[in-house]
1. If you check residue B:92 against the conditions, is it closer than 24 Å to residue B:210 by Cα and buried (at least 19 other Cβ atoms within 10 Å of the Cβ)?
2. Looking only at residues that are modelled with pLDDT of 90 or more and surrounded by 19 or more Cβ atoms within 10 Å (Cβ to Cβ) in segment A:30-45, which one is nearest to the other protein chains (Cβ to nearest Cβ)?
3. On the basis of being under 18 Å from residue A:10 (Cβ atoms), modelled with pLDDT of 90 or more and surrounded by 17 or more Cβ atoms within 10 Å (Cβ to Cβ), does residue B:186 make the cut?
4. Say we look at segment B:157-179 and pick out the residues that are more than 24 Å from the chain's Cα centre (by Cα) and closer than 21 Å to residue A:14 by Cβ; which of these is farthest from the other protein chains (Cβ to nearest Cβ)?
5. One residue is enough: does segment B:155-164 have a residue meeting the conditions in a loop (DSSP other than H, G, I, E, B), surrounded by fewer than 14 Cβ atoms within 10 Å (Cβ to Cβ) and either modelled with pLDDT under 90 or out of contact with any helix residue (DSSP H, G or I) (no Cβ under 9 Å at 6 or more places or on another chain) (or both)?
6. Just to verify a result, which residue in segment B:53-76, among those that are part of a loop (DSSP other than H, G, I, E, B) and buried (at least 24 other Cβ atoms within 10 Å of the Cβ), is nearest to the other protein chains (Cβ to nearest Cβ)?
7. When you go through (1) at pLDDT below 90; (2) within 22 Å of residue A:13 (Cβ to Cβ); (3) assigned to a helix (DSSP H, G or I); (4) away from chain A (no Cβ under 13 Å) one by one for residue B:139, which number turns out not to apply?
């Protein structure tokens with residue numbers, strides 16, 4: 001086989017590997033969320049992606065939406081006044097900034113179950129209690 | 001691993017749409033709009049809107065993005081976290097705009113595909129250019145172009161690497177003829193109905209086998225596609 005022939009074969013093989021990657025991406029995009037979360041994930045991919053996003057936000061100089069005044073967390077007594085969907089959204093925001101909380105939530109998700117409304121409110125309260133303790137310790 | 005694949009061809013409809021809307025086909029047109037006016041196109045998410053959408057992604061969305069990055073990087077030597085960060089930066093910076101009718105995860109997957117392809121091509125083809133002034137004066141500036149074309153030994157190593165990755169994937173399914181047939185078909189360039197008919201599978205059966213293939217590759221090659 002000539003050198004050009006070998007290179008052509010190698011190119012075809014690389015194109016084949018690209019096509020395989022494309023097929024895997026198609027499957028990833030079409031896999032239901034619960035199935036995806038139930039798959040083994042030694043790297044904690046969700047946390048890695050969030051960390052990449054945080055670096056991108058820092059590099060772009062744009063403020064995090066979650067830290068804007070309108071997104072400030074309500075006082076502890078107000079947590080249960082949130083609608084269930086708003087409470088879940090609030091929990092996602094907090095978990096995105098709190099790896100410890102993310103671990104707790106990811107563990108529940110990996111177990112293949114959706115958090116109940118009560119669990120969401122409970123986690124929000126625990127986050128806020130911890131936040132209040134940290135503020136007292138920091139003298140803030 | 002230093003080899004890189006050729007450009008992805010963006011065949012997936014929902015992602016291809018974001019990559020080449022009609023009004024963005026001209027580079028000149030993109031530049032003419034400028035940063036201040038780009039956010040006013042009502043058919044596309046503003047930079048603030050896409051940031052908000054990304055920040056509100058559930059766990060599964062973040063995980064999906066990371067898995068896409070890993071799938072695109074496994075055979076290219078690109079770091080998945082770097083690829084993700086670059087895709088986020090382009091979305092936040094407005095150089096890649098998400099049409100409102102496109103799911104943000106699918107949009108970011110398309111951006112990653114495009115970046116991975118560009119990086120691989122650049123790694124293979126672009127020579128390294130530097131300006132040096134040995135005498136310290138402006139007049140003495142010399143443009144040095146480092147020839148990055150692979151020498152015959154590098155070419156041979158690259159060919160062997162591509163071949164061994166091919167072989168490793170095929171061997172992974174040695175015990176299961178249907179996935180093995182599908183993988184061989186994909187590597188040979190078959191897609192869609194042509195690929196399904198190769199193994200006489202219904203759409204549901206095909207989706208199931210495709211998932212099996214992905215999960216087995218994920219398990220066997222979590223980071224790099226190496227035998």
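The values are calculated or read from the model by the stated rules, or taken from the named source; none is laboratory data. Please read all numbers here as calculations on a predicted model, not as lab measurements. FYI the Cβ positions are ideal-geometry reconstructions off the backbone, even for glycines, and counts take in every protein chain you see.
1. On the way: closer than 24 Å to residue B:210 by Cα: no; buried (at least 19 other Cβ atoms within 10 Å of the Cβ): yes.
Answer is no for this residue.
2. Of the residues in segment A:30-45, the ones modelled with pLDDT of 90 or more are A:30-39, A:45.
In the following step, the residues that additionally are surrounded by 19 or more Cβ atoms within 10 Å (Cβ to Cβ) were identified as A:31, A:36-37, A:45.
Values: A:31: 7, A:36: 5, A:37: 5, A:45: 3 Å.
If we take residues in segment A:30-45 being modelled with pLDDT of 90 or more and surrounded by 19 or more Cβ atoms within 10 Å (Cβ to Cβ), then A:45 is nearest to the other protein chains (Cβ to nearest Cβ).
3. Numbers: under 18 Å from residue A:10 (Cβ atoms): yes; modelled with pLDDT of 90 or more: yes; surrounded by 17 or more Cβ atoms within 10 Å (Cβ to Cβ): yes.
Here the answer is yes, as residue B:186 does meet what is asked.
4. Filtering segment B:157-179 down to residues more than 24 Å from the chain's Cα centre (by Cα) leaves B:171, B:173-178.
With the extra rule that they be closer than 21 Å to residue A:14 by Cβ, the set shrinks to B:171, B:173.
On the way: B:171: 14, B:173: 12 Å.
This residue is B:171.
5. From segment B:155-164, those in a loop (DSSP other than H, G, I, E, B) are none; that's our starting set.
Looking for residues that are in a loop (DSSP other than H, G, I, E, B), surrounded by fewer than 14 Cβ atoms within 10 Å (Cβ to Cβ) and either modelled with pLDDT under 90 or out of contact with any helix residue (DSSP H, G or I) (no Cβ under 9 Å at 6 or more places or on another chain) (or both), one finds none in segment B:155-164, hence no.
6. Of segment B:53-76, the ones part of a loop (DSSP other than H, G, I, E, B) are B:56-58, B:74-76.
Still in the running and buried (at least 24 other Cβ atoms within 10 Å of the Cβ): B:74-76.
Details: B:74: 7, B:75: 4, B:76: 8 Å.
Among those residues, the one meeting the criterion is B:75.
7. Unmet condition: (2).
Residue-wise test of (1) assigned to a helix (DSSP H, G or I); (2) more than 7 Å from every other protein chain (Cβ to nearest Cβ).
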{"position": "B:78", "(1), (2)": "no, yes"}
{"position": "B:81", "(1), (2)": "yes, no"}
{"position": "B:90", "(1), (2)": "yes, yes"}
{"position": "B:120", "(1), (2)": "yes, yes"}
